[in-house]
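Working notes, beginning with the structure itself.
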Amino acid sequence: MRKFYTLVLIFLCCFTTFGQIVANDDFYQLPLPFTPVVTSNDTLNGVSTTMSTVNITPITIGQLSIDSNGILTVAPNTLPGTYTITYSICEVANPNNCDTATVTVFIPSSIINAVDDSFVLDPLGGITPSVLNNDTSNGVPVMVSVGVPNSVVATAISVPAWLTFNPDGTITVFPNTPSGTYPVVYQICEALNPINCDTAVATITITNPLDIDMVGTYNDFNNDGFVNVGDVINYQITLTNNGTTTITNLTACQFSMNVNGGTLASLNAGASNSTFFTGVHVITQAEINAGTVFGVICFCGDSGVQNCLDGINTTLNQSNGIKLQAFIDSNSNGIKDASEVFFNGGNFNYSINGGATTNLYSNTGINYLYESNSTTSYNLSYTTPHSGYVCTTTYTNITVPNGSGITTYNFPITIVPYTDVLVNLNPNGAPPRPGFTYNNLIYIKNNGVQTITSGTLTFTKNNVVSIVSIPAGSIANPNGFTLNYSNLLPNETRSYVVTMQVPTIPTVALGQQLTNTAFVTIPANDVAPSNNTASITQTIVGSYDPNDKQETHGGKILHSTFTSNDYLTYTIRFENTGTAEAINIRVNDILDSKLNPNTIKMIAASHPYVLQRTGTELNWKFDGINLLPSVPNTQIGQGYITFQIKPTAGYAIGDIIPNFASIYFDFNPAIVTDVCTTEFVASLSNLNFAFIDLNYYPNPVKNSLSISNASLIEEIEITTLIGQKIITQKINKLQTELNLSNLSNGIYFVKVISEGQEKILKIIKE
C-alpha cells in the first residue's frame, strides 16, 4: 500500500507545469535613461513581470551592476566601449522556473546631444541656418565631417513637402510655400561611431505679411434662370497687410479668372483693401457638369512679396434640362461609346407643347435645353445634311421633372456610302484697301462618309493683286498656288489662309472689285461636283467697319449662271473694340423674305457657337466666348460666322436681296452692320462708278444729313431696321440735305439711287 502512494507522488511530481518565463536581452547607450530596469521587457505567461512575480539575483560584473529590483548601474568613469552582463530571473511561486538574458551597454567616446530648433521664414522661401549650430558632442559644438574626432553626420528622418534637408544641416524652403508650421525631424550620428546618435526637431514657421481672402458668388449673367455656359462667378478679393511695413505695387501674378484692378500702388501695414481687385470667371460646361468652380489667385509686390490663395470652390446649383447629342454610331448599338465621334454636320429640332419648330446647330454636336416647368412637353428630332447620314431617332412628349438634372437624349447616326468634297472661299479680316494686305480663308471639307485619299486645291488670284504668303506645303505659280492633300477624313474640315497685297491708287480704284477663286479636284463618284469650285468678289474700300456683313458674290450675281443648286455665302465679322473682355456675344439676323430659311448651312465660325433658328430669325450665341479687346494687326479680339443660304425660288433679274446683322456684346446696345445687298443682273461689269465718290455726314446725325455724289442722286429712301419706309424723296441733284429732326433716335437705312444703281447706308439718329 505504501508503495502505491509513492508511485502516485512521483507521477504527480513529474507532470507539474511551471508558468512560461521569458527574460529578454537589453541594449543601452550612454547617456542612460534614469535608473533603467532590465526586467521591464521580461514576461511571465505573456504578462510583464513585477518584483512580486519574479526574483532577480543581484549581480556585478566589471563596471555593470544589477540590483534586486532590476536596476542597472554603470560605474563612474567607465571607459568607452561595449560591456555585457547576464542576469537571471525566477518565478516567485516556482523558484525552479527561471530564464536568463544579457544586457549590453555601449559607452560612446562622446556624448551626442541634438537640440530642437525653430525658424521663421516668409513664403519667398530661402535657406535656414544650420540646425547643428546648437548641437554638441561632449559639450562641444559639433562639426559636419567624416573620419574626424568630434564630427557628426546629419540625416533627415522626416521632411514635409516644400522643404529639403541639406547635409550641412541647413533646410531649404521652396518659394511660395503656404503659410503654416513644418516640423523637420533629423538625426546626428558620431562620424567615427555611427551607432552613437541623437535626434531633434527643427520647426519651420512660414508667415506671410500679405493675406488674401476671396469670395466667389454665382451670377446668372444672361438672366435666363439657369446655370449654363456664359454665366459667371464674381470674385470679391480682400488683401490685408499683416506685416510691419508698407507693401507696394501689388498685382495679380497668377489667376484662374479675369482680374480687374491693375496695380495697387500701396497697402499700409495693418491695412486691408476689399474694393481695388475684383475677378470674373466665365463658367464652362465642364464646371457645370462637375457642379463646382475652383478659383485660384496669387499676388506679387515689391521686395519679393508674394502669396497665393490655394483656391476656393464655388458650388453651382443643378439646372434641369435636356442634353442633345448626335454621334456616328459605328457599332449600331444606339449608345454613345467612348470611341465614337460626335457629329456636327446637321441640326437638332425641337418644338415646345406642339408649337413652332426651332432648329439648333452647334460645332460640337451637342446642345442643351434648360427647363424649369415640369409640365412643358418637348418633341425632339435630328436633321442630317444629306442622304449619306441617316438618323431616324425621334422623341415625343418629353418632360423635365423638377430635380431631375440634365437628361441625355442620343441621336445615333448611321452611314451609307456617299462621296462629296467641297471648297469654300471666304473673307478673313479687313476687306481689300489700296496699299494694304488682305486675307482670304479657304476651307476644304469632306462632306461625305468615305475618306478622300488624295486631292489638289488650286487657288487663283485676281490679276491686279500679288500674293504675300501661301499655306505651308503649297506650290506657288504666277496665278496663285496649288496644294496637294491626302486622307481627308469624313466630316473633316481643313482651312488655309492666303495673304495678298493690293496696289495703291491709281493702279486700283475705290469701288473696284477683286475676284479670287478656289477649286478642289473632284473625286470619283462625287455626288455634288458643283461645290468643288468657289469664288469670292470683294470691293476695294478706303476705310472699313470691323463689324460687318459680306457676301462672296460682291453684290452682283449673273442671273444666267446661278442655279437652284447654288448658295449665297455670307460672312458676318465682329470685333471687340472696347477695353474689356466680352463674356457673351450674340449675333442676330432676320432673313429677308427673298431668302429661304430652310436651306441654311453653317460653314464655319471662329469660336464655339450655338445657332438657334426660329422661322426667318437666326440667333448665334457665343456664350462664354470671353473675347479680348482687339489688338491692331492681329486676330485677337476678332471673330466671324460664315453660312450659306439659297434665295427663295422665283428670283429674277433686278431682284435685290438685302441683309444685315445685329451684334450684341454682353448687354451693350446692338451694333448693326451696313446692309449687304446682292442683286441678280444680266451682265457683270468690273467697276461700279455710280457711287465711287459718295459722301455723307455727320453720322451719327442729330438734325440734318448731308449726302453728295459725283453722279446724279436720283432718289433717296429711308427705312427702319424692320424695313418700314419713313421718307422717300426725288432728288435729281449731286448734293442734298435731309431734315431728320423729327425722327426718333435709333438706327436707319438710307437707300441712295444713282444711274440705276442702289447704295444702302446705315446712319444713327441721336
Selection over segment 364-381 where residues are assigned to a loop (DSSP other than H, G, I, E, B) and either in contact with a helix residue (DSSP H, G or I) (Cβ under 8 Å, 6 or more places away or on another chain) or open to solvent by less than 60 Å² (accessible area, probe 1.4 Å) (or both) yields a count of 5
When every residue in segment 223-245 that is in a loop (DSSP other than H, G, I, E, B) and closer than 21 Å to Asn289 by Cβ is compared, the one nearest to the chain's Cα centre (by Cα) is Gly230
Picked from segment 170-185 (must be more than 13 Å from Ser118 (Cα to Cα) and at pLDDT 90 or above), the residue most open to solvent (accessible area, probe 1.4 Å) is Thr172
Of the residues in segment 176-215 that are assigned to a strand (DSSP E or B) and among the small types (Gly, Ala, Ser), the one that is nearest to Leu124 (Cα to Cα) is Gly180
Restricting segment 429-447 to residues that are part of a loop (DSSP other than H, G, I, E, B) and more than 32 Å from the chain's Cα centre (by Cα), the one surrounded by the fewest Cβ atoms within 10 Å (Cβ to Cβ) turns out to be Gly435
Out of (1) farther than 21 Å from Ala286 by Cβ; (2) in contact (Cβ under 8 Å) with a residue 60 or more places away in the chain; (3) surrounded by fewer than 20 Cβ atoms within 10 Å (Cβ to Cβ); (4) in contact with a Pro (Cβ under 9 Å, 6 or more places away or on another chain), the one Val421 does not meet is (3)
Evaluate the following for Asn333: is it closer than 30 Å to Val421 by Cα and exposed (fewer than 15 other Cβ atoms within 10 Å of the Cβ)? yes
If we keep only residues of segment 448-472 that are farther than 21 Å from Asn531 by Cβ and open to solvent by 70 Å² or more (accessible area, probe 1.4 Å), then the residue nearest to the chain's Cα centre (by Cα) is Ala472
The residue from Val142, Val105 that alone is farther than 30 Å from Thr43 by Cα and open to solvent by less than 60 Å² (accessible area, probe 1.4 Å) is Val142
Scanning segment 620-643 for residues that are open to solvent by 20 Å² or more (accessible area, probe 1.4 Å) and not in a loop (DSSP other than H, G, I, E, B) gives Lys621, Gln638, Tyr640
- Is it the case that segment 118-131 has a residue that's at pLDDT 90 or above and of a type in the set (Asp, Glu)? no
So the strands (runs of 3 or more DSSP E) completely within segment 705-766 holding 3 or more residues that are within 18 Å of Ile657 (Cβ to Cβ) are 746-754, 757-765
Screening Gly291, Gly261, Gly304, Gly270 for residues that are closer than 30 Å to Lys323 by Cα and not aliphatic (A, V, I, L, M) leaves only Gly291
Here the residues within segment 494-504 that are open to solvent by 50 Å² or more (accessible area, probe 1.4 Å), closer than 23 Å to Lys445 by Cβ and among the hydroxyl-bearing types (Ser, Thr, Tyr) are Ser495
In segment 473-531, residues that are part of a strand (DSSP E or B) and farther than 13 Å from Thr460 by Cβ total 15
Residues that are open to solvent by less than 40 Å² (accessible area, probe 1.4 Å), of a type in the set (D, E, K, R), farther than 30 Å from Asn626 by Cβ and in contact (Cβ under 8 Å) with a residue 12 or more places away in the chain: does segment 709-727 have at least one? yes
Picked from segment 474-493 (must be modelled with pLDDT of 95 or more and under 11 Å from Val421 (Cβ atoms)), the residue most open to solvent (accessible area, probe 1.4 Å) is Tyr485
- Taking the condition open to solvent by less than 20 Å² (accessible area, probe 1.4 Å) and farther than 18 Å from Cys197 by Cα, does Ile89 pass? yes
Filtering segment 288-307 down to residues that are closer than 28 Å to Ser179 by Cβ and open to solvent by less than 40 Å² (accessible area, probe 1.4 Å) yields Val293, Gly295, Val296, Ile297, Cys298, Phe299, Cys300, Gly301, Gly304, Val305, Asn307
Worksheet entry | Qualifying residue in segment 561-578 (condition: surrounded by fewer than 18 Cβ atoms within 10 Å (Cβ to Cβ), of a type in the set (D, E, K, R) and over 29 Å from Asn347 (Cα atoms)) | no
**Request:** Inspect segment 382-397 for any residue being hydrophobic (A, V, I, L, M, F, W, C), closer than 23 Å to Asn289 by Cβ and surrounded by 13 or more Cβ atoms within 10 Å (Cβ to Cβ) and give the result as yes or no.
**Result:** no
Only one of (1) more than 30 Å from Thr278 (Cα to Cα); (2) at pLDDT 85 or above; (3) among the hydroxyl-bearing types (Ser, Thr, Tyr) does not apply to Ser145, and that is (2)
Expected single match for open to solvent by 10 Å² or more (accessible area, probe 1.4 Å) and touching a residue at least 40 places away in the same chain (Cβ under 8 Å) among Thr616, Thr599 is Thr599
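The values are calculated or read from the model by the stated rules, or taken from the named source; none is laboratory data. Not measured: the values here are computed from a predicted model. Using ideal geometry, Cβ is built from the backbone for each residue, glycine included, and neighbour counts are taken over all protein chains shown. For accessibility, only protein heavy atoms count, side chains too; no ligands or nucleic acids. Shrake-Rupley method; radii C 1.70, N 1.55, O 1.52, S 1.80 Å.
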